[in-house]
């Protein structure tokens with residue numbers, strides 16, 4: 001028997017997907033910033049002694065990191081153009097990506113690409129449903145001296161904790177990020193994620209957060225997402 005799905009249910013799913021994409025936009029746009037950061041590190045390193053050694057290591061690490069990223073970003077499915085490389089099995093893709101990132105992290109631990117490799121290793125194992133492994137990688141990065149890398153790791157860690165059923169810990173991590181946002185993990189994105197967390201069990205708190213996003217960040221995509229999600233909370237029309 002075919003289950004009937006109402007228009008409101010369909011709309012709810014659409015908005016939830018939009019909210020998820022909004023939060024994940026933090027991650028999808030990070031590559032450019034992270035690559036720029038790697039370049040900045042290479043340029044800024046000194047030419048004497050240890051600095052010269054680190055510079056050479058960073059150049060090698062950047063090349064290895066780029067190779068791993070190519071696997072991570074390879075499309076899944078049938079090729080859409082002649083010569084296009086794709087994976088037919090996403091599990092194989094992320095397993096290979098994990099292996100490459102782990103190698104970069106192990107070989108170049110004191111470089112920025114090596115640190116970023118640990119972050120992407122966490123993303124890869126998360127795709128393989130190895131949430132406990134992802135958590136370990138991310139916990140090791142939350143204390144990074146690079147505040148952007150640390151914030152990205154903490155945001156993803158909150159999502160993993162929530163997936164593992166550790167809602168209180170997820171809330172704590174989100175609240176810390178709200179108190180100290182960064183360029184790659186801005187406050188409205190964190191507020192939307194936290195509101196989504198509260199949307200089922202504490203709709204009043206979710207409504208408060210959505211309203212705050214609308215008032216503090218008017219005429220932004222975050223405000224639009226908040227307005228759509230607010231309309232779908234229990235008791236709202």
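Throughout, read-outs are computed from the coordinates displayed, never taken from laboratory work. Note that the coordinates shown come from a computational prediction; the quantities given were computed from them, not determined experimentally. Cβ sites come from the backbone with ideal geometry, for glycine too, and all protein chains shown count toward neighbours.
Observations on the structure shown:
- Of all residues in region 173-191, those being closer than 21 Å to residue 214 by Cβ and over 14 Å from the mean Cα position of the chain (by Cα) number 7.
- The lone exception for residue 182 - which of (1) buried (at least 17 other Cβ atoms within 10 Å of the Cβ); (2) in a helix (DSSP H, G or I); (3) touching a helix residue (DSSP H, G or I) at 6+ places or on another chain (Cβ under 6 Å); (4) without any contact (Cβ under 8 Å) to a residue 60 or more places away in the chain it fails: (2)
- Selection count, region 88-116, where residues are within 15 Å of residue 141 (Cα to Cα) and exposed (fewer than 15 other Cβ atoms within 10 Å of the Cβ): 3
- Verdict on residue 85 being surrounded by fewer than 18 Cβ atoms within 10 Å (Cβ to Cβ) and more than 22 Å from the chain's Cα centre (by Cα): yes
- Subset of region 187-201 (residues that are free of Cβ contacts under 8 Å to residues at least 40 places away in the same chain and surrounded by 14 or more Cβ atoms within 10 Å (Cβ to Cβ)): 187, 188, 190, 191, 194, 195, 197, 198, 199
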